[in-house]
Amino acid sequence: MDAFAEALEGNRKIELAEGFIDDMQELLTNTLRGHLISFTKQFRHQIGFINDHPVQKLVKVDSNEVLKHVSTTMYSLHLKGTGYNVRFLCAPEGEKIVFLVAFNEKSGKSNTGYKKYISIAEERLIKWRDREDG
């Protein structure tokens, strides 16, 4: 968890929705065990890209995409390596990006319950916006 926190330290463009840290803890404890070095390298690269570019350019990275059929603009950021296939669902909010959900995508989006994670992301985004307004 230290490498994850270190990569985000001092970052003003990234916000973390409530529950996201729990998702990351689960991934770091289980899925990413033994793969932390390669994952951390990819994660730092993605964070560097976010820091150096407007949020809207995130989808220019090969494995990132804009999700379709969701109620709000949402991005899926993808980090893949031997033994893991991690997705982050994020939402652009002005000049910031809110990391909403992190999960390991098993082979085939339907096997992972991708729709379930979209639903969780939408709920977390509503809570995050309410927190910002309140």
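Read the figures in this text as sums done on the coordinates, not as results from a lab. Quantities reported herein were computed from a predicted structural model and do not represent experimental measurements. Positions of Cβ are backbone-derived with ideal geometry, glycine not excepted, and every protein chain shown enters the neighbour counts.
Structure above, values below:
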read-out	value
Distance in nm between pseudo-label sites at Ala5 and Ser119 (7 Å out along the Cβ direction from Cα)	3.3
Electrostatic dipole magnitude of the chain [Cβ: Lys, Arg +1; Asp, Glu -1; Cα centre; debye, to 20]	520
The range 1-50: GluC sites (Glu not before Pro) falling in loop per DSSP and having at most 16 other Cβ within 10 Å	Glu9, Glu18
Sequence ranges 71-82, 43-54, ranked by mean other-Cβ count within 10 angstrom, highest first	71-82, 43-54
Kyte-Doolittle at least -1.0, axis length at least 15 Å by Cα - qualifying DSSP helices, the chain	36-52
Over the chain, relative contact order from alpha-carbon pairs under 8 Å, at least 6 apart, %	27
Pairs from Lys13/Lys106; Lys57/Lys80; Lys80/Lys116 whose Cα-Cα separation, in the structure shown, is over 27 Å	Lys13/Lys106
